[in-house]
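The values are calculated or read from the model by the stated rules, or taken from the named source; none is laboratory data. Values in this document were obtained by computation on a predicted structure and should not be read as measured data. Backbone-built Cβ (ideal geometry, glycine too); neighbour counts: all protein chains shown. Note: accessible area is taken over every heavy atom of the protein model, side chains too, but ligands, DNA and RNA are not part of it. Shrake-Rupley method; radii C 1.70, N 1.55, O 1.52, S 1.80 Å.
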Amino acid sequence: MKEILQDHSLEEIEALVSELGEPKYRAGQLFRGLMRGGRISDISELSKAFKAKLLERFEDEPVRIAQVFTASDGTEKYLFELADGNIIEGVLMRYKYGNTQCVSTQVGCRMDCAFCASGLNGLIRNLTAGEILSQVLVVNARLGGTPNKRAVTNVVLMGSGEPLDNYANTVRFLRNVTAPGGICISARNISLSTCGLVPRMYDLAEEGIPVNLTVSLHAPSDEERARIMPVARAYKIADILAACDAYFAKTGRRYIFEYSLIAGENDGKMHAEQLVALLRGRPCHVNLIRLNEVKERNLAGVSEKDAYRFLGLLERGGLSATLRRTIGADIGGACGQLRAGYLQGEGKA
Ligand code: SAH
């Protein structure tokens, strides 16, 4: 694979352009062209000769929308093809306040959570910063947005992969996606979800990019968490909470816990009570999700009624909590499911 030009900041592109012997104003044209989400070869402001020089070294189109699935509620799911033929997926959710795009940070994942489709074949490779950014750029362009008038207003790092397991590229992406002059999405409109890689959570607090920190908790005790999340053997809930508090102290941002309700596993009254005891009084919010059943994983979701009952227990216990509404249900699929289905269809899995 060639290099990815979208990995770079405006300043880096300025240096590259002068290295290639082009006048400085070309850098601005090139950068703005990239941010519009098209191919390098389609940037009309640039000369053919300059584009040919760029294309010797850089991928013309690092992320291509290969397939789109549209749900009746307007949610769109995408299969993206990378320059090396790998497939990743993403989702665009439409809300009253704007459009939220869910991006992937890795091809596959090595965390192997018991309920998740992304880890079914392990980690294939990390995405570069520019491959993460390009997911946003091509979807923004698809929806008719420009860098000045964004169609994608919010970004969540909740697609395939563990963002903090691809730390340097994820942070580079966060810098570039929030940078003035680019697509410039504010850090407060970005949420990063992690399974709880504690040392990297402390590092993130120091980066000066105050994104919303979301942690996948899914169980109120270390023992039960370890049954469904192998990473829980490495990092204890108490250490995760301490890292969240450090993040809050540094950024002033309330943190969020994701809790996917799995029938007979983490959905009991006792679990709700334990969660309340664990989290009461903390500057946090709990996001309940009804498990999306993954056919390769032998776990069942809960009914809507049971999910609301669990929510009620948390609220009565004094926690701030919501049940995430199921969106795009008719096009199916939690993290990794689209890709897993695609790979099976192709006979690649
Ligand atoms: N690796 C990051 C991002 C993953 S995806 C993390 O672990 O947070 C975002 C959320 O979806 C996580 O909370 C993840 O645990 C959850 N998730 C994954 N598969 C799911 C499924 N089948 N049903 C419900 N939630 C799921």
Residue under evaluation K51, criteria (1) open to solvent by 10 Å² or more (accessible area, probe 1.4 Å); (2) in contact with a Phe, Trp or Tyr (Cβ under 7 Å, 6 or more places away or on another chain), criterion not met: (2)
How many residues are hydroxyl-bearing (S, T, Y) and open to solvent by 30 Å² or more (accessible area, probe 1.4 Å) if we restrict to the stretch 223-256? 2
Members of the stretch 256-283 found to be touching a Phe, Trp or Tyr at 6+ places or on another chain (Cβ under 8 Å) and either under 15 Å from S216 (Cα atoms) or within 14 Å of the ligand (Cβ to nearest atom) (or both), listed by number: S260, L261, I262, N266, D267, L275, L279
Mind checking which pairs have a first residue in the stretch 193-213 that is closer than 15 Å to Y255 by Cβ and a second that is aliphatic (A, V, I, L, M) and part of a loop (DSSP other than H, G, I, E, B), Cβ under 7 Å, 6 or more apart or different chains? S193/M158; C195/M111; C195/M229
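If I ask for residues that are within 16 Å of the ligand (Cβ to nearest atom) and closer than 18 Å to S186 by Cα, which ones from the stretch 146-162 would you list?
Once the filter is applied, which keeps residues that are within 16 Å of the ligand (Cβ to nearest atom) and closer than 18 Å to S186 by Cα, the stretch 146-162 yields N154, V155, V156, L157, M158.
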Go through (1) within 13 Å of the ligand (Cβ to nearest atom); (2) at positive phi one by one and return the number of the condition V286 breaks. (2)
So, in the stretch 187-215, how many residues would count as being within 16 Å of the ligand (Cβ to nearest atom) and touching a Lys or Arg at 6+ places or on another chain (Cβ under 7 Å)? 2
Can you tell me how many residues in the stretch 103-145 are acidic (D, E) and away from the ligand (no atom under 15 Å from the Cβ)? 1
Does S134 meet the test of being open to solvent by less than 30 Å² (accessible area, probe 1.4 Å), in a helix (DSSP H, G or I) and modelled with pLDDT of 95 or more? yes
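Looking at E89, E59, E76, which is the one that is more than 19 Å from M158 (Cα to Cα), of a type in the set (D, E, K, R) and open to solvent by less than 50 Å² (accessible area, probe 1.4 Å)?
Just a single option satisfies the conditions, and that option is E59.
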Considering only residues that are away from the ligand (no atom under 11 Å from the Cβ), free of Cβ contacts under 8 Å to residues at least 24 places away in the same chain and of a type in the set (D, E, K, R), look in the stretch 289-307 and name the one that is least open to solvent (accessible area, probe 1.4 Å). E304
Just to be sure before I move on: is T178 over 13 Å from the mean Cα position of the chain (by Cα), closer than 18 Å to C102 by Cβ and either within 16 Å of the ligand (Cβ to nearest atom) or open to solvent by 20 Å² or more (accessible area, probe 1.4 Å) (or both) in the structure I sent? yes
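Report yes if A234 is within 13 Å of the ligand (Cβ to nearest atom) and within 19 Å of M111 (Cα to Cα), otherwise no. It would help to see each step written out before you state the result.
Numbers: within 13 Å of the ligand (Cβ to nearest atom): no; within 19 Å of M111 (Cα to Cα): yes.
Judged against the criteria, A234 is not a match.
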Test F310 against the criterion of being touching a residue at least 12 places away in the same chain (Cβ under 8 Å), part of a helix (DSSP H, G or I) and surrounded by 20 or more Cβ atoms within 10 Å (Cβ to Cβ), and give yes or no. yes
Could you tell me which of the residues L92, L54, L46, L79 is hydrophobic (A, V, I, L, M, F, W, C) and in a helix (DSSP H, G or I)? L54
